[in-house]
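Have a look at the structure below, then the notes.
The values are calculated or read from the model by the stated rules, or taken from the named source; none is laboratory data. Not measured: the values here are computed from a predicted model. Cβ placement follows ideal geometry from the backbone for every residue including glycine, while neighbour counts extend to all protein chains displayed. Ligands, DNA and RNA are excluded from the accessible area calculation, which covers all protein heavy atoms including side chains. Shrake-Rupley method; radii C 1.70, N 1.55, O 1.52, S 1.80 Å.
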Amino acid sequence: MDSKNNLIVGLGEVLWDVLPEGRKLGGAPANFAYNVRQFGFDSLAISAVGNDKLGDETLAALKNKGLDFIMPQVPYPTGTVLVSLDDEGIPAYDIRENVAWDNIPFTPEMKAAAQNCRAVCWGSLAQRNVVSRTTINSFLDAMPDGGGRLKVFDINLRQKFYTKEVIMESLRRCNVLKINDEELVVIGRLFDYPGLDMRNKCWLILGKYNLDMLVLTCGVNGSYVFTPGCVSFQETPRVDVVDTVGAGDSFTGAFCAAILKGMPVPEAHKLAVEISAYVCTQSGAMPVLPASIVNGVE
């Protein structure tokens, strides 16, 4: 594929999820880029790793996954997250601070990628430090608008690593918001949206920030995609859950890939739900997706 104006970028944290059974490569933007790539797009993971053994392992693992990256090595430790799972496979995270992905420098190579970018996904976590926050905003500023490009803010609230100001700035810069039901409650309190039910909160945010789409996931209670004047709902399939790590990122990746290939929102939504459900049956965030599903997206 000609990469000019066709790059799909996951921008932000890359890290190792330290699970009960061992370390697995992760980080929401890298997971997103990996999943989009399986649908035939040129994708990039943009982050930073340390000048350490784990940083070298990260770059080797990305190459082994077939994922292209821009990942400078910086004088901070490579990121790790201690992941504990409850009886239903739902993860809790202990995220190490002041690590490499908190200190992503904005490089000429990143600027060139932004100028050729068709879709980008970023979150709030990598903006907890001013260095990476500035790089993310510089990337978004360098990326053209229009032309069906997707600027996806997958809000991804973790612990207390977010502020109202950071969230508002990203809402102004995105045209697609991805959020879950628990995060929507937090945003409702943070932005003082009293007395509104879940759907009305979504309509309010969609209109206030002039979004093209708002994706709301509600775990076992299904998911919604709000677009101006229309809403799509999909039930969550019942599967044997191994863990849910990376399931939301696979949803976002599949949904974006389908939208970019011209699928209508309800069909793209259905595909995203199928992919996310499959990832829940696998261990870790970067499984190979079933060819039977991926090859059906033209």
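Here are the numbers for the structure shown:
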item: Count - residues of the range 209-229 that are assigned to a helix (DSSP H, G or I) and in contact (Cβ under 8 Å) with a residue 24 or more places away in the chain; result: 2
item: Breaking point among (1) open to solvent by 70 Å² or more (accessible area, probe 1.4 Å); (2) under 24 Å from Tyr162 (Cα atoms); (3) of a type in the set (Gly, Ala, Ser), for Gly246; result: (1)
item: Residues within the range 237-250 that are closer than 16 Å to Lys178 by Cα and free of Cβ contacts under 8 Å to residues at least 40 places away in the same chain, tallied; result: 1
item: Residue list for the range 29-54, filter: under 13 Å from Trp16 (Cα atoms) and either charged (D, E, K, R) or open to solvent by 20 Å² or more (accessible area, probe 1.4 Å) (or both); result: Lys53, Leu54
item: Members of the range 230-257 found to be hydroxyl-bearing (Ser, Thr, Tyr) and either closer than 18 Å to Trp16 by Cβ or assigned to a loop (DSSP other than H, G, I, E, B) (or both), listed by number; result: Thr236, Thr244
item: Test: residue in the range 99-107 that is in contact with an Asp or Glu (Cβ under 8 Å, 6 or more places away or on another chain), buried (at least 17 other Cβ atoms within 10 Å of the Cβ) and not in a strand (DSSP E or B); result: yes
item: Per-region count, the range 251-285, residues touching a strand residue (DSSP E or B) at 6+ places or on another chain (Cβ under 8 Å), open to solvent by less than 40 Å² (accessible area, probe 1.4 Å) and more than 20 Å from Leu177 (Cα to Cα); result: 2
item: Failed condition for Val273, given (1) farther than 24 Å from Leu82 by Cα; (2) in contact with a Cys (Cβ under 6 Å, 6 or more places away or on another chain); result: (2)
